[in-house]
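What follows draws every value from the coordinates through simple rules; no lab data is involved. This one's a predicted model, so the numbers in the text were calculated from it and none came from an experiment. Neighbour counts are summed over all protein chains in view; Cβ atoms, including those assigned to glycine, are modelled from backbone coordinates with ideal geometry.
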Amino acid sequence: MASIPRGWILPAIVAAILLAAAPGAIYRIIQTGDPYLFTERFFQDMVARLSGPGRLRFILQPTMAILLGTRDGLRDGRAGLPPFVWGLVFHSQHRSGLFRSAIASVRNLVAIAILLDIISQFVIFRQLHPGAAVLLGPVLIALPYATSRALSNRITRPRSARAVTPGN
C-alpha cells in the first residue's frame, strides 16, 4: 500500500469527509430538487455563518493566506520571478513552478478552511453541504493569497534590481 506524503494527510482526510458527505447531499438534491449552491438559501446561510459560531475564521483564514502569500511573493521577487497571477497567465515557462509552490503553501490552509466550513455547517444548520464547503473554503484563501503574493513580489523586485545595479 502506498503511503500518503506527510503534507497531504490533512487534505486527504478532508477529501474523505467530503466523499462521505456527498451521497447525503446528492440524495437531498434528488428529494428536494434544491441544488443549494447559489440559491437564496445559500446566500442567507452565508450571512448566518458570518454571525454564528466560527465567524473568527473569516478573519484568521484570510490573514494566514496574506502571510503565506507575502512570504511566497518575497521569495518570488528575490528569485526574479514575475508576479503570481501575471506569471500564471502570461509566463508559461514559470506557470507550473508558481502553481506548485502555491499548492504547497496553501493546501493545508485550504483543507482547514473546508473542514471548518463543514463543522460550522453542522453546528449551525445540522446539515452538510459539501459543495458549499468546497466553494467557500478556497474563496477565503485564494484572493488574499494571490493579491499579497503579487504585491509583495512587486515591492521586492525593484529593491532587488537596485541592489544588483553597478554603482550603488
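At-a-glance table
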{"read-out": "Derived scalar couplings ³J(HN,Hα) [the stretch 30-38; Karplus, 6.51 cos²θ - 1.76 cosθ + 1.60; whole Hz; x for Gly, Pro]", "value": "5, 5, 9, x, 9, x, 6, 4, 6"}
{"read-out": "Cα-centred dipole magnitude for the chain, charges only on beta-carbon of K, R (+1) and D, E (-1), debye, nearest 20", "value": "700 debye"}
{"read-out": "Rule-of-thumb Rg ratio for the stretch 1-70 [Cα; 2.2 N^0.38 Å; N residues]", "value": "1.51"}
{"read-out": "Whole-percent pair-distance distribution, where bins are 10 Å wide, for the alpha carbons of the stretch 64-130", "value": "19, 38, 21, 16, 5"}
{"read-out": "³J(HN,Hα), Karplus 6.51/-1.76/1.60, whole Hz, each residue of the stretch 137-153, x for Gly, Pro", "value": "x, x, 4, 5, 9, 4, 5, x, 5, 4, 5, 5, 5, 5, 5, 5, 5"}
{"read-out": "Highest-first arrangement of 109-119, 53-63, 32-42, where packing means the average Cβ count within 10 Å", "value": "109-119, 53-63, 32-42"}
